[in-house]
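The values are calculated or read from the model by the stated rules, or taken from the named source; none is laboratory data. If you're wondering where the values come from, they're calculated on a predicted model, not measured in any experiment. Positions of Cβ are backbone-derived with ideal geometry, glycine not excepted, and every protein chain shown enters the neighbour counts.
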Amino acid sequence: MIIREIKALIDKEIRLELRQKYAINGMLLYIVSTVYVCYLSFRLKTNHIDNITWNTLFWIIILFTAVNAIAKSFTQERYGRLLYYYTLASPVGIILSKIVYNTLLMLLLSLVGFGVYALVMGNPVGDVGLYLLALVLGAIGFASTLTMIAGIASKAENSATLMAILSFPIIIPMLLMLIKVSKNAMDGLDRGQSSDEIMMLLAMDAIVLVLSVILFPFLWKS
């Protein structure tokens, strides 16, 4: 029952996105324009960018893309529509469907962003497979964390500010580990050297998912 509910809610999210189109198109435009600004700032002037700067800039772009893409998860929903969901779906189904949809959206944006960034800024990554794994873990972590925080922030008047404040303590450690794993991938190091960070990222993603399932029903009833 819950799986059918989640599938129906995800289908609803995809249909709304395909109908509106401006949201995902706006995020793709944001990524492309930001990458181009980075190109103008670094490649044209110095014709060189070191690996650390390349990696850090990319994750900053992905982080801000995630915040802009996921912040609308609950704020775009009108009160009447939320009341309608309340009568039809369980809170667990709603939060899980939002997380799954935002994860798929972040995977799409991250992969497109990586392709455009590597094309424009060059591709110094030695282990592309490990770098893509970091992208997947980052997409799951950002989507699950920011979706839950967006639900909390939507109950406040100044939701954007509250979302930034609440997400900072969780996102920053996650971002630092992602930068470390992706830097190891760029240097072509043995994958075993990144195992601790990968396990930590998996644990953080699992903790956020479990907390979302436990806590969101109380938030939803309020």
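Consider I10 carefully, then state whether it is more than 16 Å from the chain's Cα centre (by Cα) and either among the basic types (K, R) or modelled with pLDDT under 85 (or both).
Numbers: more than 16 Å from the chain's Cα centre (by Cα): yes; either among the basic types (K, R) or modelled with pLDDT under 85 (or both): yes.
Against the criterion (more than 16 Å from the chain's Cα centre (by Cα) and either among the basic types (K, R) or modelled with pLDDT under 85 (or both)), I10 qualifies.
Could you check, for segment 157-173, whether at least one of its residues is part of a loop (DSSP other than H, G, I, E, B) and either surrounded by fewer than 23 Cβ atoms within 10 Å (Cβ to Cβ) or among the hydrophobic types (A, V, I, L, M, F, W, C) (or both)? Don't jump to the end; show me each part of the working.
We begin by selecting, within segment 157-173, every residue part of a loop (DSSP other than H, G, I, E, B); these are 157-158.
In the following step, the residues that additionally are either surrounded by fewer than 23 Cβ atoms within 10 Å (Cβ to Cβ) or among the hydrophobic types (A, V, I, L, M, F, W, C) (or both) were identified as 157-158.
Scanning segment 157-173, I find at least one residue that is part of a loop (DSSP other than H, G, I, E, B) and either surrounded by fewer than 23 Cβ atoms within 10 Å (Cβ to Cβ) or among the hydrophobic types (A, V, I, L, M, F, W, C) (or both), so the answer is yes.
Restricting to segment 9-18, and then to whatever is of a type in the set (A, V, I, L, M) and in contact (Cβ under 8 Å) with a residue 40 or more places away in the chain, can you tell me which residue is nearest to A69 (Cα to Cα)?
Restricting to residues being of a type in the set (A, V, I, L, M) and in contact (Cβ under 8 Å) with a residue 40 or more places away in the chain, the top hit is I14.
Which pairs have Cβ atoms under 9 Å, sit 6 or more apart or on different chains, and link a residue in segment 197-222 that is on the phi < 0 side of the Ramachandran plot and among the small types (G, A, S) to one that is surrounded by fewer than 19 Cβ atoms within 10 Å (Cβ to Cβ) and part of a helix (DSSP H, G or I)?
So the pair list comes out as S212/V92.
Return yes or no: is G93 in a helix (DSSP H, G or I), of a type outside the set (D, E, K, R), in contact (Cβ under 8 Å) with a residue 24 or more places away in the chain and touching an Asp or Glu at 6+ places or on another chain (Cβ under 8 Å)?
Working: in a helix (DSSP H, G or I): yes; of a type outside the set (D, E, K, R): yes; in contact (Cβ under 8 Å) with a residue 24 or more places away in the chain: yes; touching an Asp or Glu at 6+ places or on another chain (Cβ under 8 Å): yes.
Yes; evaluated as a whole, the condition is true for this residue.
Quick one: how many residues across segment 18-31 are assigned to a helix (DSSP H, G or I) and either surrounded by fewer than 15 Cβ atoms within 10 Å (Cβ to Cβ) or at pLDDT below 75 (or both)? Lay out the reasoning, then the answer.
In the first step, residues of segment 18-31 are kept if they are assigned to a helix (DSSP H, G or I); the result is 18-20, 22-31.
Those left that are additionally either surrounded by fewer than 15 Cβ atoms within 10 Å (Cβ to Cβ) or at pLDDT below 75 (or both): 18-20, 22-23, 25-26, 29.
Total meeting the criteria: 8.
Here are V112, V92: which of them is modelled with pLDDT of 85 or more and surrounded by fewer than 18 Cβ atoms within 10 Å (Cβ to Cβ)?
Numbers: V92 fails: modelled with pLDDT of 85 or more.
Selected residue: V112, the only one of V112, V92 that is modelled with pLDDT of 85 or more and surrounded by fewer than 18 Cβ atoms within 10 Å (Cβ to Cβ).
For segment 108-137, how many residues are polar (S, T, N, Q) and assigned to a helix (DSSP H, G or I)?
The qualifying residues number 1.
Could you check, for segment 200-217, whether at least one of its residues is more than 14 Å from M148 (Cα to Cα), surrounded by 14 or more Cβ atoms within 10 Å (Cβ to Cβ) and among the small types (G, A, S)? First the steps, then the outcome.
Of segment 200-217, the ones more than 14 Å from M148 (Cα to Cα) are 200-203.
Those still in the list that are surrounded by 14 or more Cβ atoms within 10 Å (Cβ to Cβ) too: 200-201.
Among the residues that remain, those that are also among the small types (G, A, S) are: none.
Among the residues of segment 200-217, not one is more than 14 Å from M148 (Cα to Cα), surrounded by 14 or more Cβ atoms within 10 Å (Cβ to Cβ) and among the small types (G, A, S), which makes the answer no.
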